[in-house]
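Below: one structure, written as structure tokens.
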């Protein structure tokens, strides 16, 4: 059964690579319409997942990812509609020199595995159709009812087009990712969304390029030159928005110029808003009532309303700390222009924000997430990252 599904996906990828733009657009429009029609059923099946997940003691973080609402489905529909309006990504010829040029081609078969965010499969299905890639989807047991309902939406959409039904496939959750990601050429790229343990478990079994979508662990540097209200807004806005909050600020570096009363004010306001803080050894002397941050936590995401506070004497040392432990995004809040320049030039995180809250604008960027690992690509993952290039010599 598994080998047949994977072979069907590979066959579909060859058909999609030759599909016309109108055929791909037709399928994307069919997906949008099918999603609108299926909303009541999706919400109903999602309720079953939420009820069974509580019985299975699924973590609150995963439950937050799993939960569907009318508003979330509306945002996904708007995202797909904007994707539909985007130009054909294949048509851009990229000149490289005399007698040669490059043009975009699909990657082939893309695998998606997720721990508890089934709506990600809808975004990726849209990107797959737009770019001409086949998609193989696997979700954990906590989302099995929602995942099956989404699979029905995808198949319903494809049945109204000329594209193969195997272009967008959902594997049973009983088939562990290791059973197919470990097979050579089963998929060309594996994209993963989940907590650190989930990613580590499945990375080790994968023999193709493995692309985890980054979550949390964004750093904020506060030098004291901006008001505490600005810091509050920056932190809280980063925790709003999409269910997985991929760029949430979880670590704050306080420089020597911060007024102690301002720091206390910000911590108290965040505590009243439900945030839990921990501090490093230096700040513990001032805030003995707060727990110490474990040394292993500086490089890991919390994925909830937890914050870790660290003190450094100057910006250079703060940048060195971020380059050692930061993964996703880094923010500086300062009125000093030279410090802004030093920060964006020297910090290594893939996304850098100057005096603004880090938020993944999935709608305007047509992005599904952020890739934070150093390698072939770092940054926002959107249409361009679903394509490769072929070089032609004349």
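Estimated from helical segments only, the mean residue ellipticity of the chain at 222 nm is -13000 deg cm²/dmol, where each DSSP H run of four or more residues counts as -39500 (n - 2.57). Dividing the convex hull volume of the alpha-carbon atoms in the range 100-148 by its residue count gives 71 Å³ per residue. The orientation-averaged projection of the convex hull spanning the C-alpha atoms of the range 1-159 amounts to 11.0 square nanometres.
I'd like to know how the range 189-246 sits against the 2.2 N^0.38 Å rule of thumb: what's its Cα Rg over that expected value?
1.59
Out of all DSSP beta bridges with both ends in the chain, state the antiparallel percent to the nearest 5. Percentage antiparallel, nearest 5: 25. Per residue, the convex hull spanned by the Cα atoms of the range 218-363 measures out at 103 cubic angstrom.
Cβ-to-Cβ counts within 10 Å put 49, 314 in ascending order as 314, 49, the fewest first.
Applying 1/(1 + (r/R0)^6) with R0 = 25 Å to the Cβ-Cβ distance of residue 320 and residue 294 gives a FRET efficiency near 0.80.
Estimate the FRET efficiency between residue 264 and residue 41 by the formula 1/(1 + (r/R0)^6), using the beta-carbon distance for r and 41 Å for R0, to the nearest 0.05.
0.20
The long axis of helix 260-272 is offset from the longest Cα principal axis of the chain by roughly 50 degrees. Over the range 264-342, the pair-distance histogram of Cα-Cα distances with 5 Å bins from zero comes to 3, 12, 21, 24, 22, 13, 4, 0 percent, rounded to whole numbers.
Between helix 2-16 and the chain there is an angle of about 80 degrees, using the helix long axis and the longest principal axis of the Cα atoms.
A viscosity of 1.306 mPa s and a temperature of 10 °C, combined with the Kirkwood radius over C-alpha pairs in the Stokes-Einstein formula, give the chain a diffusion coefficient of 71 µm²/s.
Ordering 344, 219, 114 by the number of other Cβ atoms within 10 Å of each residue's own Cβ, fewest first, gives 344, 114, 219. Going from the fewest other Cβ atoms within 10 Å to the most, the residues 239, 70 appear in the order 70, 239.
In the chain, Cα pairs under 8 Å separated by at least six residues give a relative contact order of 18 percent. For the range 332-372 versus the range 35-60, the spacing of their alpha-carbon centroids is 34 Å. Largest GNM mean-square fluctuation among 273, 157, 12, using the chain with Cα springs under 10 Å: 273.
The angle separating the long axis of helix 315-325 from the principal Cα axis of greatest extent in the chain is about 40 degrees.
Can you give the extra length, in nm with one decimal, that the chain gains between residue 373 and residue 178 once fully stretched, where that is 0.36 nm per residue apart less the Cα-Cα distance?
68.1 nm
With R₀ fixed at 41 Å, the C-beta to C-beta distance from residue 57 to residue 346 puts the FRET efficiency at about 0.40.
What's the long-distance tail for the range 41-82, i.e. % of Cα pairs beyond 14 Å? Counting pairs separated by more than 14 Å, the tail of P(r) holds 53 percent.
No lab work stands behind these numbers, since they all come straight from the coordinates. Quick caveat, the model's predicted, so the values are computed rather than measured. Here Cβ is always computed from backbone atoms with ideal geometry, including for glycine, and neighbour counts include all displayed protein chains.
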